[in-house]
1. Which one is nearest to PHE290 (Cα to Cα) among residues in segment 34-59 that are small (Gly, Ala, Ser) and touching a strand residue (DSSP E or B) at 6+ places or on another chain (Cβ under 9 Å)?
2. Condition first: in contact (Cβ under 8 Å) with a residue 60 or more places away in the chain, of a type in the set (Asp, Glu) and open to solvent by 40 Å² or more (accessible area, probe 1.4 Å). Can you find one or more residues in segment 85-104 that meet it?
3. Does at least one position in segment 254-273 carry a residue that is more than 22 Å from TRP47 (Cα to Cα) and among the acidic types (Asp, Glu)?
4. Check whether at least one residue in segment 224-235 is in contact with a Gly (Cβ under 6 Å, 6 or more places away or on another chain) and either basic (Lys, Arg) or outside the structural domain of GLU43 (by the TED database) (or both), and report yes or no.
5. Could you tell me whether PRO183 is surrounded by fewer than 16 Cβ atoms within 10 Å (Cβ to Cβ) and within 30 Å of LYS275 (Cα to Cα)?
6. Can you name the residue in segment 27-40 that is open to solvent by 20 Å² or more (accessible area, probe 1.4 Å) and of a type in the set (A, V, I, L, M, F, W, C) and is also nearest to GLY61 (Cα to Cα) among such residues?
7. Where the second residue is aliphatic (A, V, I, L, M) and the first is more than 20 Å from PRO75 (Cβ to Cβ) and lies in segment 225-241, which pairs have Cβ atoms under 6 Å and are six or more apart or on separate chains?
8. List the number of the failed condition for ALA244; all other conditions in (1) open to solvent by less than 30 Å² (accessible area, probe 1.4 Å); (2) modelled with pLDDT under 95; (3) in contact with a helix residue (DSSP H, G or I) (Cβ under 8 Å, 6 or more places away or on another chain) hold.
Amino acid sequence: LKLLVSGSGASRTGVLIPIPQYPLYSAAVAELSAIQLNYYLAEERCWALDPAELRRALAEGRRHCCPRVLCVINPGNPTGQVQSRQCIEEVIKFAFEEKLFLMADEVYQDNIYAEGSVFHSFKKVLFEMGPPYSEVVELASFHSVSKGFMGECGFRSGYVEVVNMDPEVQQQLAKLVSVRLCPPVPGQILLDAVVNPPQPGDPSYERFITEKQEVLGALAHKARLTQEIFNKTPGIHCNPVQGAMYSFPRIDLPPRALAAAEAQGQAPDMFFCMKLLEETGICVVPGSGFGQREGTF
């Protein structure tokens with residue numbers, strides 16, 4: 001983002017981010033004084049990404065800034081959806097037509113639970129689409145040791161792969177990263193283990209696969225349990241949790257709750273979360289922390 005943000009006023013860089021979003025994005029955009037452009041995921045279609053909504057957000061953004069970046073989170077954080085291959089192809093075509101730099105947050109790529117859901121990396125789809133897309137669309141793909149089935153949060157380690165970036169710009173990226181020196185050695189070792197996992201025939205392969213399947217199987221069970229229990233609860237609706245490690249249920253709050261929240265100067269969903277914490281000890285995060293459609297909680 002540091003490389004991509006420039007200009008002032010109407011020429012300032014605009015960054016398209018999904019709503020609901022992982023708050024790191026809005027924070028990074030604000031820190032760099034870039035312009036945040038929201039595109040809303042379609043809750044009624046299991047948080048699908050709608051190209052028409054991308055076009056709306058882009059057209060609106062062009063009135064007051066210069067959109068240059070499109071961020072996609074797949075599998076979704078905090079929405080837990082897995083985008084279809086067709087959707088990814090449409091996003092790539094959109095980025096190609098509008099000359100947008102694509103940033104693909106794919107850190108939950110191993111966490112796929114729902115039947116029929118399959119993870120497709122943006123790079124794979126881009127290359128399989130062939131020219132002109134595979135030769136032109138600029139893409140940065142992100143992966144992390146701290147998330148996904150590894151979940152090694154104590155080791156802040158990850159990587160970005162960049163394709164189709166202008167070589168001179170890529171030199172500047174190398175400089176920018178080099179200024180930060182390097183991560184601690186344990187994090188580097190762990191990242192190497194993640195990008196080079198045990199292969200069939202290796203001494204640790206059988207145990208590795210068994211443990212990975214156990215972890216992902218337990219998470220898939222919890223994902224199903226979460227959506228089933230939410231959907232049995234009056235006033236709560238939850239989409240199927242297709243992947244990642246989140247569910248993003250909608251709470252229907254009665255008028256008296258809205259009035260009580262207003263009286264306390266709180267957002268209605270924050271009011272609900274505080275009441276839940278105080279009365280049950282269960283701690284959840286309000287949807288307003290991630291962004292949500294007006295009038296939904």
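The values are calculated or read from the model by the stated rules, or taken from the named source; none is laboratory data. This one's a predicted model, so the numbers in the text were calculated from it and none came from an experiment. For neighbour counting, all protein chains shown are included, and Cβ atoms are generated from backbone atoms with ideal geometry for every residue, glycine included. For accessibility, only protein heavy atoms count, side chains too; no ligands or nucleic acids. Shrake-Rupley method; radii C 1.70, N 1.55, O 1.52, S 1.80 Å.
1. ALA42
2. Among the residues of segment 85-104, not one is in contact (Cβ under 8 Å) with a residue 60 or more places away in the chain, of a type in the set (Asp, Glu) and open to solvent by 40 Å² or more (accessible area, probe 1.4 Å), which makes the answer no.
3. Within segment 254-273, one or more residues are more than 22 Å from TRP47 (Cα to Cα) and among the acidic types (Asp, Glu).
4. Within segment 224-235 (the criterion being in contact with a Gly (Cβ under 6 Å, 6 or more places away or on another chain) and either basic (Lys, Arg) or outside the structural domain of GLU43 (by the TED database) (or both)), the answer is no, since none of the residues qualifies.
5. Numbers: surrounded by fewer than 16 Cβ atoms within 10 Å (Cβ to Cβ): yes; within 30 Å of LYS275 (Cα to Cα): no.
No, not satisfied.
6. Selected residue: ILE35.
7. ILE236/ILE251
8. (3)
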